[in-house]
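Input: a single structure, listed below in structure tokens.
Derivation of every value follows stated rules applied to the coordinates shown; laboratory data play no part. Note that the structure is predicted; figures quoted are calculated from it, not measured. Every residue, glycine as well, gets a Cβ built from its backbone with ideal geometry; the counts of neighbours run over all protein chains shown.
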Amino acid sequence: MFAVIRTGGKQYRVAPEQLVTVERLDAEPGASITLDEVLMLGGGETAIQIGTPIIAGASVTAEVVEQTRGPKIIIFKKKRRQNYRRKKGHRQDLTVLKITAIAGA
């Protein structure tokens, strides 16, 4: 069975026992969280369900494995012949989740 969930402005296809890296969520490592924005369910003995936009009553339960940070991204701006240079770095805060269960409607 699989589900398509939305969190952090992005969509992820998840299955039980899968590790997923998402935008930072406020939860401690080891905590269990419920993701309610399920857009699609499929792969089970029933037909595929597609939400409009979400499926009412469906949820995905996950365990927080760790809070981490992504790779450093360098932002460099330059305008030629103007002696204009700006260099910035950015590291995104991330949460690693382990999907434990998918509950359908």
* Asked: So which residues in segment 37-82 are acidic (Asp, Glu) and assigned to a loop (DSSP other than H, G, I, E, B), if there are any at all?
  -> GLU37, GLU45
* Please go through segment 43-67 and pick out each residue that is farther than 15 Å from TYR12 by Cα and surrounded by fewer than 14 Cβ atoms within 10 Å (Cβ to Cβ). => GLY43, GLY44, GLU45, THR46, ALA47, ILE48, THR52, ALA56, GLY57, GLU66
* Yes/no for ILE5 being closer than 14 Å to ALA101 by Cβ and either part of a strand (DSSP E or B) or not acidic (Asp, Glu) (or both) -> yes
* Please indicate, with yes or no, whether at least one residue in segment 15-26 is of a type in the set (D, E, K, R), loosely packed, with under 14 Cβ neighbours inside 10 Å, within 22 Å of GLY104 (Cα to Cα) and in contact with a strand residue (DSSP E or B) (Cβ under 9 Å, 6 or more places away or on another chain). => yes
* Options ARG13, ARG85: the member that is within 17 Å of the chain's Cα centre (by Cα), without any contact (Cβ under 8 Å) to a residue 12 or more places away in the chain and not in a loop (DSSP other than H, G, I, E, B) -> ARG13
